[in-house]
């Protein structure tokens with residue numbers, strides 16, 4: 001069925017073959033670009049939902065639980081309840097909750113080696129804090145409010161609250177590291193607007209080629225419209241529509257990221273407010289032990305602490321368990337709305353295959369028609 | 001045949017591109033020809049800034065990039081890195097105890113030769129002996145050093161001759177007390193190592209009362225806490241901390257006052273205490289205290305020190321001295337790591353801390369270079385570099401379980417000195433419960449009596 005030797009081939013047929021090849025190659029590029037963009041964005045949204053955002057929020061939850069544990073301990077010693085019931089169930093519960101939170105942070109850590117190191121530091125300091133509180137408990141149970149019991153409490157509190165190096169400060173560092181990882185996740189790879197041309201440009205080029213094919217058909221075959229190519233064009237617009245859902249996902253994931261930051265800021269401020277309660281109780285314990293003047297007292301650090309927290313107003317006292325659940329809801333709601341159905345990915349694949357079939361079908365008749373012509 | 005010129009052009013183009021790429025690669029390689037070194041230390045904040053300035057100068061001189069990581073959980077991070085098979089090239093350890101443990105586990109490499117052909121030109125024989133950590137080879141560079149066996153006072157409010165013997169010191173305390181003044185400023189707060197100022201007291205008393213040999217035996221876990229020597233050191237300290245009116249604010253204030261606050265009342269008007277036993281690093285805190293005239297205290301006029309007094313009047317002035325140091329050690333041997341260690345040991349690497357007025361160097365050549373700009377710093381540096389016998393802080397050498405118990409026992413003793421025998425029994429139980437291999441035998445540097 002080949003053309004007779006020596007006889008020049010039809011240039012129209014050659015052009016049609018080239019056009020078909022270009023359309024098919026571009027369809028493959030559209031398929032690859034669109035599917036990669038869709039799965040890339042979906043995979044990022046999935047990563048943020050299941051790993052990066054929880055890592056940030058779990059750090060804040062751990063922070064909050066530790067502050068509540070610290071408050072419980074200080075309150076128990078300040079009120080004298082400790083002599084009878086020790087540290088109390090609430091203290092133990094909050095310590096257990098914070099351990100679970102930190103275990104989940106370790107599982108979901110997105111901040112790499114620096115995050116792991118900060119977590120190691122926090123996990124190294126927590127037993128020391130627990131040891132000091134238990135020692136204080138032993139002293140308070142046997143002799144009430146003793147200097148040594150107060151010293152252990154003070155040391156425990158310093159370990160927890162010391163600016164820059166305390167457990168809470170280290171958790172702030174960890175939260176910042178996880179937030180940075182979240183921000184990077186939401187701004188790199190397929191989440192970066194600079195990646196959009198990778199799937200938009202092939203779609204526009206294919207659209208242009210399909211229009212060119214229609215014009216070419218109209219000139220050569222006097223057809224107003226090639227129905228198969230028109231169908232391919234419609235399917236391409238459908239694929240473009242599905243792929244553009246990644247823009248929606250990206251915007252929603254971005255919004256979720258901003259909500260995470262807002263939640264963290266609010267949560268941190270509330271935790272700081274709640275911490276005042278424990279600090280005020282400790283200030284009362286210390287002022288009972290160090291009643292002297294500044295000259296005879298327990299040094300500048302203790303005096304400043306007692307002055308600052310002795311009259312502090314505590315936080316809202318609203319059930320923080322509920323607050324914890326309530327405050328993370330908007331984050332996960334936004335992330336859920338950013339998560340597109342996997343079926344859309346299949347739709348891109350099916351659409352691309354159908355475009356290729358329609359291109360083949362739409363141009364085949366013309367190619368066959370010019371098989372034996374010389375022009 | 002018609003394709004041949006095109007083929008030639010392609011070959012020429014390919015060669016040109018390859019040459020261009022090669023030039024680029026060569027240029028990049030030349031720019032970073034020094035390679036890099038990974039360094040781990042515990043310093044963050046201002047101290048990190050100071051150390052980074054040393055590292056930057058090293059990079060400027062050698063072209064070797066230094067990747068610095070500062071983490072307060074140095075030991076945990078270092079252990080994890082070693083277990084993962086990726087230790088840093090160089091780590092700065094906070095005590096000789098840590099260094100000796102890593103030498104023993106084979107993780108630290110010797111650094112013989114980095115101090116030059118004549119090491120004693122820069123470091124005293126005592127320091128070079130200490131840096132061997134009892135292992136027979138040089139393993140570390142002291143990045144910064146501190147003198148511990150000293151007592152601080154306010155020259156403007158201390159109308160006495162500087163005591164050279166324990167008897168003179170206690171006589172001054174008695175006189176101050178008789179005049180309605182409180183002799184001692186004491187503060188044990190130092191989270192998470194509260195109690196360390198008290199352990200320094202006991203160590204210094206034992207070192208001066210019983211000598212370096214007994215001190216070394218005790219630090220190595222070979223002397224019982226219930227021995228007469230150790231018990232005597234505690235009761236001697238009790239002459240100060242257990243005497244009513246001898247400590248500002250009494251035992252409660254001593255327990256709750258932060259070590260960094262303890263000496264400040266010396267500079268109040270009138271002072272509410274007169275003497276403080278604390279290491280040389282406390283100078284950094286004193287410099288930030290405003291004197292009665294509102295100006296910041298100046299070394300020499302605002303504050304000064306005298307060496308920890310001798311118990312034997314004949315030994316005054318030739319007593320052993322307790323020191324501590326941050327030590328850089330090489331974990332991954334390489335030419336770049338050795339070059340960094342050599343730089344850290346040199347005068348250039350050592351000068352940064354003294355120039356900031358916050359710490360001291362064991363390198364005696366710095367004394368000739370006028371980096372110590374005040375008489376007190378100069379005196380400390382001279383003592384650090386010239387004393388006959390230097391001993392590392394014993395609690396730094398003890399296993400963590402023992403030093404923790406020591407810190408706690410100090411606090412318990414201040415709260416209730418009557419419990420001394422019970423506390424020593426408890427400490428002895430901790431000592432005997434620790435395996436012998438976990439103890440370190442790091443001799444004092446220099447002569448021992």
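Rule-based calculations on the coordinates, nothing more; no lab input. If you're wondering where the values come from, they're calculated on a predicted model, not measured in any experiment. Cβ sites come from the backbone with ideal geometry, for glycine too, and all protein chains shown count toward neighbours.
Spatial offset of the stretch B:58-102 relative to the stretch B:313-378 amounts to 19 Å, using the alpha carbon center of each.
Arranged from highest to lowest average of other beta-carbon atoms within 10 Å per residue, in what order do the peptides B:370-383, A:66-79 appear?
On the way: B:370-383: 17.7, A:66-79: 24.4.
For the peptides B:370-383, A:66-79, the packing ranking is A:66-79, B:370-383.
How many partner chain Cβ atoms sit within 10 Å of a residue's Cβ in peptide B:145-157, on average, as a whole number?
Per residue, the average neighbour count from other chains is 0.
Where does helix B:375-386 land angle-wise versus the long Cα axis of chain B, in degrees 0 to 90, nearest 10? Helix B:375-386 and the main axis of chain B meet at about 80 degrees.
Dividing the summed -39500 (n - 2.57) terms of all DSSP H runs of n ≥ 4 by the residue count of chain B sets its mean residue ellipticity at 222 nm at -14000 deg cm²/dmol.
Counting only DSSP beta bridges whose two residues both lie in chain B, roughly 60 percent are antiparallel.
Taking every residue in A:157-163, how many Cβ atoms of other protein chains lie within 10 Å of its Cβ, on average? Could the numbers behind the result be given before it?
Working: counts 1, 6, 3, 1, 0, 2, 0.
Average neighbour count from other chains, rounded to a whole number: 2.
Counting only other chain Cβ atoms within 10 Å of each residue's Cβ, the peptide B:271-280 averages 1. By definition, a body whose alpha carbon gyration tensor gives a ≥ b ≥ c is oblate when a/c is 1.5 or more and a/b is not larger than b/c, and the stretch B:291-449 fits this oblate description.
How would the stretch B:271-331 be classified by its alpha-carbon gyration tensor: rounded, prolate or oblate, with rounded meaning a/c under 1.5 and the a/b versus b/c comparison settling the rest? Verdict is oblate for the stretch B:271-331.
Give me A:211, B:273 ranked fewest to most by other Cβ atoms within 10 Å of their Cβ, as a rough exposure proxy. Arranged by neighbour count, lowest to highest, A:211, B:273 become A:211, B:273. Angle of helix A:227-243 to the longest C-alpha principal axis of chain A, folded into 0 to 90 degrees and rounded to 10: 10°. Between A:91, A:346, A:309, the Gaussian network model of chain A with springs among Cα atoms under 10 angstrom shows the greatest mean-square fluctuation at A:346. Using the 10 angstrom Cβ neighbour count as an exposure proxy, how do A:31, B:58 rank, fewest first? Result, fewest neighbours first: A:31, B:58.
Going by the alpha-carbon gyration tensor, a ≥ b ≥ c the square roots of its eigenvalues, is the protein assembly as shown rounded (a/c under 1.5) or, if a/c is not under 1.5, prolate (a/b greater than b/c) versus oblate? Don't skip to the end; give the middle numbers.
Details: a/c = 3.39, a/b = 1.98, b/c = 1.71.
Since a/c reaches 1.5 and a/b is larger than b/c, the shape of the protein assembly as shown is classed as prolate.
When each of A:118, B:191, B:252 is scored by the number of other beta-carbon atoms lying within 10 Å, the sequence from fewest to most is B:191, B:252, A:118.
In chain B, the longest principal axis of the Cα atoms and the axis of helix B:335-345 are about 30 degrees apart. The value of relative contact order for chain B, using C-alpha pairs under 8 Å at least six residues apart, is 26 percent. For chain A, what relative contact order do you get, as a whole percent, if you take Cα pairs closer than 8 Å and at least 6 residues apart? This gives 31 percent for chain A.
Using DSSP, restrict attention to beta bridges with both residues in the protein assembly as shown and report what percent are antiparallel, rounded to the nearest 5.
Values: 23 of 39 bridges.
In the protein assembly as shown, DSSP labels about 60 percent of beta bridges as antiparallel.
Cα centroid distance between the stretch A:73-99 and the stretch B:235-256, in Å? First find each Cα centre; the distance between them is then 32 Å.
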